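A.B. asks: The following block contains the structure, expressed as structure tokens.
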Amino acid sequence: MVLSLKLDENLPADARTYIEECGHEVQTALEEGLGDCPDHKIAERCREESRIIITLDRGFADIRTYPPDSHPGIILLRPARQSVPEIIKVLRDALDLADEESPDSRLWIVEPGRIRVRQ
């Protein structure tokens, strides 16, 4: 399944490259001038475009603010360290799971060796 994704501003360019190499369609918040926008604006744009957000921002994990059924999906990456290799490692885990099940209308919290799914 090809995913339609939006990378939050806090992710490295290598994440985009990796996602494209995996065959998914991706845009970045920075490309769209959303770099300094509050989270709710980015979430709104993702809803408008039917894109799943990939972020390091823990604010997106607040299901009171972002209920899982109110958006196309949120993938929150929680690497062991905020280095490019660690980010790519948890991103790989998320995309591997996406081959088996859809992140649509779900919150995925992706940590090393573990993915929590909220519906």
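A.B. asks: Can you name every residue in region 43-84 that is farther than 19 Å from residue 14 by Cα and of a type in the set (A, V, I, L, M, F, W, C)?
C.D. replies: Scanning region 43-84 gives 43, 46, 60, 61, 63, 74.
A.B. asks: I need a count of the residues in region 64-97 that are in a helix (DSSP H, G or I) and either in contact with a His (Cβ under 8 Å, 6 or more places away or on another chain) or β-branched (Val, Ile, Thr) (or both).
C.D. replies: Going through region 64-97 one residue at a time, the tally reaches 5.
A.B. asks: Exactly one of (1) touching a residue at least 24 places away in the same chain (Cβ under 8 Å); (2) surrounded by 21 or more Cβ atoms within 10 Å (Cβ to Cβ) is unmet by residue 29. Its number?
C.D. replies: Result: residue 29 passes all but (1).
A.B. asks: What residue, among those in region 17-63 that are touching a helix residue (DSSP H, G or I) at 6+ places or on another chain (Cβ under 6 Å) and assigned to a loop (DSSP other than H, G, I, E, B), is farthest from residue 91 (Cα to Cα)?
C.D. replies: Per the criteria, the residue is 34.
Bear in mind that the values in this text are calculations on the coordinates, not laboratory data. Given the structure is predicted, the values throughout are model-derived calculations rather than measurements. Here Cβ is always computed from backbone atoms with ideal geometry, including for glycine, and neighbour counts include all displayed protein chains.
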